[in-house]
Amino acid sequence: MATLKLQALWNHPAGPKTIHFWAPTFKWGISIANIADFAKPTDKISYPQQLVVTCSGVIWFRYGMVITPKNWNLSSVNLAMAGTGICQLARKIKNILVYRKTGTSLALILLWPGLAFASLLVKSKTILHLKWSLLLPKND
């Protein structure tokens, strides 16, 4: 009985003989590293990195569910990536809004990655200055 299940797993279109098995398996390292980062102070958490981890997790989770055959390994690793990314972003936002009490609105915090990207495109010192002035702690 067990050998039949192992043989079915081995011969599955997304089984260990294909890249469709190994790529998501190694992608678990990103989720594990993100879980380990919960021990880091929130000042060390990067908005762009966590935004990419979250978006990548959401997009590829959906993809893993609509392809045929369903790739459960791909879907589960990306669900974990989206979950850990959301938790890290929530930690960062909570730290800024609650503990630092800088008066920065939530809308500006959520728009920060967009401002950073716009500053790279436009190369405007004003936008770059605005970005850093919003997120750096105030020296009282």
- Qualifying positions in the range 51-89 - loosely packed, with under 14 Cβ neighbours inside 10 Å, among the aliphatic types (A, V, I, L, M) and either modelled with pLDDT of 90 or more or under 11 Å from the mean Cα position of the chain (by Cα) (or both): ILE59
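Results for (1) modelled with pLDDT under 80; (2) within 28 Å of GLY85 (Cβ to Cβ); (3) surrounded by fewer than 14 Cβ atoms within 10 Å (Cβ to Cβ); (4) not hydroxyl-bearing (Ser, Thr, Tyr), shown as yes or no for each residue.
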residue: LEU4; (1), (2), (3), (4): no, no, yes, yes
residue: ILE19; (1), (2), (3), (4): yes, yes, yes, yes
residue: LYS27; (1), (2), (3), (4): no, yes, no, yes
residue: ILE30; (1), (2), (3), (4): no, yes, no, yes
residue: ALA33; (1), (2), (3), (4): no, yes, yes, yes
residue: LYS40; (1), (2), (3), (4): no, yes, yes, yes
- Message: Regarding the range 16-30, can at least one residue be identified that is under 30 Å from LEU97 (Cβ atoms) and of a type outside the set (Val, Ile, Thr)?
- Response: no
- Item | Among residues of the range 10-28, those that are aliphatic (A, V, I, L, M) and in a helix (DSSP H, G or I), counted | 2
- Item | For PRO48: the one exception among (1) surrounded by fewer than 17 Cβ atoms within 10 Å (Cβ to Cβ); (2) free of Cβ contacts under 8 Å to residues at least 60 places away in the same chain | (2)
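The values are calculated or read from the model by the stated rules, or taken from the named source; none is laboratory data. Values in this document were obtained by computation on a predicted structure and should not be read as measured data. No Cβ is skipped: glycine too gets one built from the backbone with ideal geometry, and neighbour counts run over all protein chains shown.
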